[in-house]
Amino acid sequence: MSVEALSRPRPAHDGTDAPLVEIVGLGRTFDLSKRWLNRVLEGSGKVTLTAVDGVDMSIRRGETYALVGESGSGKSTIAKMVVGLLPPSAGSVRIDGVDIWKELGGAEQRQIRRRIQMIFQDPFASLNPRWRVGSIIEEPIKAFDLITDKRERENRVGELLSLVGLDPRDAGKFPHEFSGGQRQRIAIARALSSSPEFIVCDEPTSALDVSVQAQVLNLLRDLQERLGLTYLFISHNLAVVRHVANRVGVLYLGRLVEEAPARTLFSDPQHPYTKMLLDSVPDIDMTGRERTPIAGEIPNPVNPPPGCHFHPRCPLRFEPCDKVRPPLKEYGQSRAACHALEEGRVSAHRD
Amino acid sequence: MTAALSVRNLRVEIPTRRGVLTAIDDLSFDIAPGEVLGVVGESGAGKSITGSAIIGLLDPPGRVAGGEILLSGERIDNLSPSAMRQIRGKRIGMIFQDPLTSLNPLYRIGDQLTETILTHEAISAKAAAEKAERLLVEVGIPAAGTRMSSYPHQFSGGMRQRVVIALALAADPELVIADEPTTALDVSVQAQIIALIKRLCKDRGTSVMLITHDMGVIAETADRVCVLYAGRLAEIGAVRDVVKRAQHPYTHGLMAAIPSLIDDPNEKLEQIPGSMPRLGAIPAGCAFNPRCTYRFGRCMRERPGIYPVGASDASCFLHDASGEAPPAAVVRNAIDAGIDVRASEGAEP
Ligand SMILES: Nc1ncnc2c1ncn2[C@@H]1O[C@H](COP(=O)(O)OP(=O)(O)O)[C@@H](O)[C@H]1O
Ligand SMILES: Nc1ncnc2c1ncn2[C@@H]1O[C@H](COP(=O)(O)OP(=O)(O)O)[C@@H](O)[C@H]1O
Ligand code: SF4
Ligand SMILES: [Mg+2]
Ligand SMILES: [Mg+2]
């Protein structure tokens, strides 16, 4: 096997400490109601689903910030608001100080958009099957008018293909001629073509087999080091997150329940949900272990439990938990939203 | 002791317009009574096809083209469709990734369970209904008595999979085949379902064939593991051996490529180059040879047999004591990686 190291990426420092991405009070609701007329005829009310609810987070330059959460916790919705694909219902997303959702002059907005790219989970659905690989990769270059000369653009596509470990001649092929892992490399080449600084990776390896997953994770890390990229890395796989992230945020039903440096989160989780999640993930290094799975299931997001969303499944719940939303507070290096932690009912740090 | 399930030299073919594809090629394994055998492999390795072949439900035009399948010593691969229908549900219980494939959306849960019990057991309708309710309690459905009259869509994904487990166990089968039973569920629910399958089958002495692509699930659940690659057996052995002392270069690479929650996150994750071949493009010789760091002359020409190594069996020439020996450098590299090479060392190339 080729043994390329996948060690933890080191944040590239450029002297400034200002975060590259600042997300404040981000929220998004979806209207699930039937059409107005049906509502009147059937007497059904308005139904809204809160997919993302007051999320605050900031991402430093050169780091990999990982968002973890089970399916439906709001990860993809956050990703789409951060890259500019879905308008937020509340809050703001600032990239390098510029609010990407505020009305800006066209040029400024375009300039910011060029600096953000996204890689999706499904390399089969995210590449247009009727386009040749070369056209797929150069599309952002054309959209942002980065290289006008055709020959120069083709050279750039060739460079990008080499950069992600493919052959420049692959530009003439169609997506179906490639395996899942190779398609994800094409998607990465496309994301890199506008020379972005910040890439949102939404479950980039979830559709891939493990032997191929390691290739893609290694490639992403390698590119981060060479190009000084900043990643928002979204995954439901805690073991993967532990191997790529500098910092980790844990989502539960649209809310950030904990955030900590990766090392701290995995060695000393604070929130009861994080603790139980870490205890329940099946793991290759834990043959034959006895464990306590989390009780219950994720509640319906249309009608989430009041107060702390986690309270029906929480072994530590007490009076305020089903009434008051716990604020995100600092405990050492971590931030967590839990009444029991706030009241010191559990020793916050294991020392 | 007679194996609960014995698969011997199984060959499954899929005729297509461009020729006959061999989806399963000379696959053999046993499952002992009460044992959990994990079947792992990347997508397309042939896991589901193996399960379908055993229960006699291969999608046409796929067909069993060779070998034998024995359930507690009796051949079942040559039974008539109606005799096979008797065996499914009664002697082999099934759990699939999507619980809705096993549940009829138009029938109440209680009726489906009761009916299954009545098909396979000569008891009164009342006794069957009571047994159905006991099963629902056992699989952890809250308020089982009232839930008997609910329809599948009124349950959450995890609860539905619990109902399917009750259905699979309703006739006290000797074998349960579970194909990716937790893949569609949330991480926190996965652990509940795995623990449930494991406990119920242990209590009853039921053997389990657990098919999944998730090595974590296997590591925590299975007694033994069978690793498939391109429709062929790569390695089979006790779960600890396969995870910690893998003997086939593919398994070895696979284990090193999987990130874990307790390894050193700064330690390298190894990567295997390339990807598993499609059925129509399986290379000559060892199917893994284009991706293998240890391959040598014969790997490109001959197909390796199955060789014992420690308590495992592996299909790799590094463990073949006869025939062309690997070059000295290959032997050294393999031993350094922790592979117990059994082949005698050849001359320096
Ligand atoms: N376009 C939409 N319309 C209605 N509901 C949506 C839409 N997109 C997402 N949701 C809902 O929002 C919640 C969060 O979804 P998502 O962000 O996709 O979660 P994740 O990526 O963590 O699985 C889910 O309950 C989902 O059903
Ligand atoms: N009807 C069919 N025609 C052609 N190929 C098929 C058919 N059914 C399955 N296959 C192929 O058989 C192989 C094994 O499939 P499967 O057993 O479903 O794999 P797994 O469950 O390990 O992911 C795959 O390469 C798949 O594409
Ligand atoms: S038989 Fe050869 S190619 Fe196949 S795994 Fe063993 S060493 Fe590698
Ligand atoms: Mg998502
Ligand atoms: Mg399958």
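Residues that are at pLDDT 90 or above, more than 29 Å from A:GLU297 (Cβ to Cβ), more than 16 Å from ligand 3 (Cβ to nearest atom) and away from chain B (no Cβ under 14 Å): does region A:43-54 have at least one?
No, that holds for no residue.
Just name the residue that is nearest to the other protein chains (Cβ to nearest Cβ) out of those in region B:43-78 that are more than 17 Å from the chain's Cα centre (by Cα), crowded, with 16+ Cβ neighbours inside 10 Å and not in a strand (DSSP E or B).
Among residues in region B:43-78 that are more than 17 Å from the chain's Cα centre (by Cα), crowded, with 16+ Cβ neighbours inside 10 Å and not in a strand (DSSP E or B), the one nearest to the other protein chains (Cβ to nearest Cβ) is B:GLY62.
Quick one: would you say A:ARG8 is surrounded by 15 or more Cβ atoms within 10 Å (Cβ to Cβ), modelled with pLDDT of 85 or more, among the charged types (D, E, K, R) and part of a loop (DSSP other than H, G, I, E, B)? Spell out the reasoning first.
Working: surrounded by 15 or more Cβ atoms within 10 Å (Cβ to Cβ): yes; modelled with pLDDT of 85 or more: no; among the charged types (D, E, K, R): yes; part of a loop (DSSP other than H, G, I, E, B): yes.
No, not satisfied.
Across region A:110-153, what is the total count of residues that are outside any helix (DSSP H, G or I) and out of contact with any Cys (no Cβ under 6 Å at 6 or more places or on another chain)? I'd like the intermediate steps shown before the answer.
Residues of region A:110-153 that are outside any helix (DSSP H, G or I), as a first pass: A:115-132, A:144-149.
Checking which are out of contact with any Cys (no Cβ under 6 Å at 6 or more places or on another chain) leaves us with A:115-118, A:120-132, A:144-149.
Final tally of qualifying residues: 23.
Taking the stated definitions as given, is B:TYR294 assigned to a helix (DSSP H, G or I), among the hydroxyl-bearing types (Ser, Thr, Tyr), modelled with pLDDT of 90 or more and more than 16 Å from ligand 5 (Cβ to nearest atom)? Break it down stepwise before answering.
Details: assigned to a helix (DSSP H, G or I): no; among the hydroxyl-bearing types (Ser, Thr, Tyr): yes; modelled with pLDDT of 90 or more: yes; more than 16 Å from ligand 5 (Cβ to nearest atom): yes.
Taking the combined requirement at face value, the residue does not satisfy it.
Among the numbered criteria (1) closer than 23 Å to B:VAL39 by Cβ; (2) more than 8 Å from chain A (Cβ to nearest Cβ); (3) surrounded by fewer than 22 Cβ atoms within 10 Å (Cβ to Cβ), which single criterion is violated by B:ASP340?
Of the numbered conditions (1) closer than 23 Å to B:VAL39 by Cβ; (2) more than 8 Å from chain A (Cβ to nearest Cβ); (3) surrounded by fewer than 22 Cβ atoms within 10 Å (Cβ to Cβ), the odd one out for B:ASP340 is (1).
For every residue, the table says whether it meets (1) part of a helix (DSSP H, G or I); (2) surrounded by 21 or more Cβ atoms within 10 Å (Cβ to Cβ); (3) away from chain A (no Cβ under 12 Å).
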{"site": "B:CYS226", "(1), (2), (3)": "no, yes, yes"}
{"site": "B:TYR250", "(1), (2), (3)": "yes, yes, no"}
{"site": "B:ILE272", "(1), (2), (3)": "no, yes, no"}
{"site": "B:ARG298", "(1), (2), (3)": "yes, no, yes"}
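Any idea which of B:LEU167, B:LEU196, B:LEU200 is within 14 Å of chain A (Cβ to nearest Cβ), at pLDDT 90 or above, in a helix (DSSP H, G or I) and within 30 Å of B:VAL7 (Cβ to Cβ)?
On the way: B:LEU167 fails: within 14 Å of chain A (Cβ to nearest Cβ); B:LEU200 fails: within 14 Å of chain A (Cβ to nearest Cβ).
So the residue among B:LEU167, B:LEU196, B:LEU200 that is within 14 Å of chain A (Cβ to nearest Cβ), at pLDDT 90 or above, in a helix (DSSP H, G or I) and within 30 Å of B:VAL7 (Cβ to Cβ) is B:LEU196.
Just checking, does region A:270-282 include any residue being within 13 Å of another protein chain (Cβ to nearest Cβ), within 25 Å of B:THR212 (Cβ to Cβ) and within 15 Å of the chain's Cα centre (by Cα)?
For region A:270-282, residues within 13 Å of another protein chain (Cβ to nearest Cβ), within 25 Å of B:THR212 (Cβ to Cβ) and within 15 Å of the chain's Cα centre (by Cα): absent.
Return only the number of the condition from (1) within 22 Å of B:ARG160 (Cα to Cα); (2) within 16 Å of ligand 2 (Cβ to nearest atom) that B:LYS202 does not satisfy.
Just one mismatch for B:LYS202, condition (2).
Which one of A:ASN218, A:ASN246, A:ASN237 is in contact with a Pro (Cβ under 7 Å, 6 or more places away or on another chain), within 12 Å of chain B (Cβ to nearest Cβ) and at pLDDT 90 or above? If you could, list the steps in order and put the result at the bottom.
Values: A:ASN218 fails: in contact with a Pro (Cβ under 7 Å, 6 or more places away or on another chain); A:ASN237 fails: in contact with a Pro (Cβ under 7 Å, 6 or more places away or on another chain).
On inspection, the qualifying residue turns out to be A:ASN246.
Report yes if B:ARG232 is under 17 Å from the mean Cα position of the chain (by Cα) and facing chain A (nearest Cβ under 9 Å), otherwise no.
Values: under 17 Å from the mean Cα position of the chain (by Cα): yes; facing chain A (nearest Cβ under 9 Å): no.
No: the conditions fail for B:ARG232.
Could you tell me which of the residues B:ASP186, B:ASP263, B:ASP203, B:ASP172 is within 16 Å of ligand 4 (Cβ to nearest atom) and more than 17 Å from the chain's Cα centre (by Cα)?
Values: B:ASP263 fails: within 16 Å of ligand 4 (Cβ to nearest atom); B:ASP203 fails: within 16 Å of ligand 4 (Cβ to nearest atom); B:ASP172 fails: within 16 Å of ligand 4 (Cβ to nearest atom).
Selected residue: B:ASP186, the only one of B:ASP186, B:ASP263, B:ASP203, B:ASP172 that is within 16 Å of ligand 4 (Cβ to nearest atom) and more than 17 Å from the chain's Cα centre (by Cα).
What about A:GLN109, is it within 21 Å of A:ARG190 (Cβ to Cβ), surrounded by 14 or more Cβ atoms within 10 Å (Cβ to Cβ) and away from ligand 1 (no atom under 16 Å from the Cβ)? I'd like the intermediate steps shown before the answer.
On the way: within 21 Å of A:ARG190 (Cβ to Cβ): yes; surrounded by 14 or more Cβ atoms within 10 Å (Cβ to Cβ): yes; away from ligand 1 (no atom under 16 Å from the Cβ): yes.
Here the answer is yes, as A:GLN109 does meet what is asked.
Return the residue satisfying two criteria in turn: it lies in region B:275-291 and is over 22 Å from the mean Cα position of the chain (by Cα) and more than 12 Å from ligand 3 (Cβ to nearest atom), and of such residues it is nearest to A:ASP222 (Cα to Cα). If you could, list the steps in order and put the result at the bottom.
As a first pass, look at region B:275-291 and keep what is over 22 Å from the mean Cα position of the chain (by Cα): B:280-281, B:283-285, B:289-291.
Right, trim to more than 12 Å from ligand 3 (Cβ to nearest atom) and you get B:280-281.
Numbers: B:GLY280: 34, B:ALA281: 31 Å.
By that ranking, first place goes to B:ALA281.
Filter region B:274-287 for residues that are surrounded by 14 or more Cβ atoms within 10 Å (Cβ to Cβ) and facing another protein chain (nearest Cβ under 10 Å); which is farthest from ligand 4 (Cβ to nearest atom)? Show your work before the answer.
Restricting attention to region B:274-287, the residues satisfying the condition of being surrounded by 14 or more Cβ atoms within 10 Å (Cβ to Cβ) are B:274-277, B:279, B:282-283, B:285-287.
After this cut, where a residue has to be facing another protein chain (nearest Cβ under 10 Å) as well, the list is B:274-277.
Details: B:GLY274: 28, B:SER275: 24, B:MET276: 26, B:PRO277: 30 Å.
Here the residue is B:PRO277.
Inside region A:154-249, counting only helices (runs of 4 or more DSSP H) that do not spill past its ends, which hold 1 or more residues that are without any contact (Cβ under 8 Å) to a residue 12 or more places away in the chain and farther than 19 Å from A:ILE116 by Cα?
On the way: elements: A:180-192, A:210-227, A:238-244.
By residue number, A:210-227.
Of the residues B:ASP111, B:ASP172, which single one is in a helix (DSSP H, G or I) and either surrounded by fewer than 21 Cβ atoms within 10 Å (Cβ to Cβ) or within 14 Å of chain A (Cβ to nearest Cβ) (or both)?
Details: B:ASP172 fails: in a helix (DSSP H, G or I).
On inspection, the qualifying residue turns out to be B:ASP111.
The values are calculated or read from the model by the stated rules, or taken from the named source; none is laboratory data. No experiment lies behind these values; they were computed from the predicted model shown. Glycine also receives a Cβ, built like all others from the backbone with ideal geometry; neighbour counts cover every protein chain displayed.
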